[in-house]
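Input: a single structure, listed below in structure tokens.
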Number of protein chains: 2
Amino acid sequence: MSSQTDQIVAKLKSRGLRVTPQRFAVYANLLGRCDHPTADDILSDLNQAAPTSSQATVYSSLQALREVNLVREVLLEEGVCRYDANVGPHHHFRCQSCGAIADIPWETLASLNLQTLSPRWQIEGYEVTVRGVCDRCQTQ
Amino acid sequence: MSSQTDQIVAKLKSRGLRVTPQRFAVYANLLGRCDHPTADDILSDLNQAAPTSSQATVYSSLQALREVNLVREVLLEEGVCRYDANVGPHHHFRCQSCGAIADIPWETLASLNLQTLSPRWQIEGYEVTVRGVCDRCQTQ
DNA sequence: CTTTGTGCAAACGATTTGCAGGATG
DNA sequence: CATCCTGCAAATCGTTTGCACAAAG
């Protein structure tokens, strides 16, 4: 049985990406967190203990990962591009107060009927963004 | 009965905004189009015939309009902030091919039941983003 | 006449790019 | 060993800011 590390390596290779320490680190970091970090968040995290990656490399790793569909971006805030290793369909909750973003599993919300939309559009999918205040911000 | 112009002037005044030619032009332009333009799109449009506004003024007008809730931003594309004078609840359709964004009236989609979400969140609202290919791009 | 808005240019922050050296398959 | 990646620094893009002048109420 393969370790988590091997699985990540295999995933990168299967998509035709060379496995480098930096690229591995970026993807592993993103897989290990659920807070939808920005490129800079990831960079800081990786370099926390010791400098291992440069800014440009994090950006290029993210772009490479995005091109092979291992990572996607989440845009729910002005001027901020966040990243997500969860590429399957799911919804988002965004706290208006602190800006935190949480995933909402697809099954949590009932499926929408899109038949009512213009028949001239070829529909590929949809996603719901819920606005509100998270538990942490309510008590403060 | 008041003209369209008077209505816009009244709206700006009622929100406590001074009515200047530039601010008026930005809001009128946004009201008159449904393509969710960027700040720069608006600027080019306003200055098409003759220069009337500067870049900084368009940005500051948009911010002023946003603060009094006459205008909102739409974030569906990386690195691009678009604006919308339709501030009521509605959904969006985004063409994956050309990036065009169309409004979907709220009533078009059935209301979602959000009871299934975490009771620890205070829900304020939601919005659906539909992905697909617009009619124009399908025939190309 | 006081307050607020405008325009210019410089500043800014996030992201991208060019390029020389280094690592990967 | 050919190809692709990394890191640095400079470039770029959208947006913001400082400030002197002008316009609105």
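Just a yes or no: is a residue in segment B:91-106 over 21 Å from A:Arg120 (Cα atoms) and of a type outside the set (Lys, Arg)? No, segment B:91-106 contains no residue that is over 21 Å from A:Arg120 (Cα atoms) and of a type outside the set (Lys, Arg). Based on what the data block shows, is B:Glu77 exposed (fewer than 14 other Cβ atoms within 10 Å of the Cβ) and acidic (Asp, Glu)? Considered against the rule, which asks whether it is exposed (fewer than 14 other Cβ atoms within 10 Å of the Cβ) and acidic (Asp, Glu), B:Glu77 comes out as no. Identify, please: which residue in segment B:39-54 is loosely packed, with under 14 Cβ neighbours inside 10 Å and near DNA strand D (Cβ under 9 Å from one of its atoms) and is, among those, farthest from B:Gly99 (Cα to Cα)? Checked segment B:39-54; the qualifying residue farthest from B:Gly99 (Cα to Cα) is B:Ser54.
Residues that are within 16 Å of DNA strand C (Cβ to nearest atom), closer than 30 Å to B:Cys137 by Cα and not assigned by TED's automatic domain parsing to the domain that holds B:Glu127: which helices (runs of 4 or more DSSP H) entirely in segment B:1-110 hold 3 or more of them?
Details: elements: B:4-14, B:21-31, B:39-46, B:55-67.
Passing ranges, in order: B:21-31, B:39-46.
Note on segment A:107-140: residues that are over 17 Å from B:Tyr126 (Cβ atoms) and among the aromatic types (Phe, Trp, Tyr) amount to 1. For segment B:19-33, a tally of residues being under 12 Å from the mean Cα position of the chain (by Cα), buried (at least 16 other Cβ atoms within 10 Å of the Cβ) and not aliphatic (A, V, I, L, M) returns 2.
So which pairs qualify, if the first residue must be in segment B:50-69 and in contact (Cβ under 8 Å) with a residue 24 or more places away in the chain, the second must be within 6 Å of DNA strand C (Cβ to nearest atom) and part of a helix (DSSP H, G or I), the Cβ gap must be under 7 Å, and the two must be at least 6 apart or on different chains? Filtered contacts from segment B:50-69: B:Thr52/B:Gln22; B:Ser53/B:Gln22; B:Thr57/B:Gln22; B:Ser61/B:Gln22; B:Ser61/B:Arg23; B:Ala64/B:Arg23. Within segment A:111-122, the set of residues being in a loop (DSSP other than H, G, I, E, B) and under 21 Å from B:Asp103 (Cβ atoms) comprises A:Leu112, A:Asn113, A:Leu114, A:Gln115, A:Thr116, A:Leu117, A:Ser118, A:Pro119, A:Arg120, A:Trp121.
The values are calculated or read from the model by the stated rules, or taken from the named source; none is laboratory data. The structure displayed is predicted, hence computed values, not measured ones. Cβ: placed from backbone, ideal geometry, glycine included. Neighbour counts: every protein chain shown.
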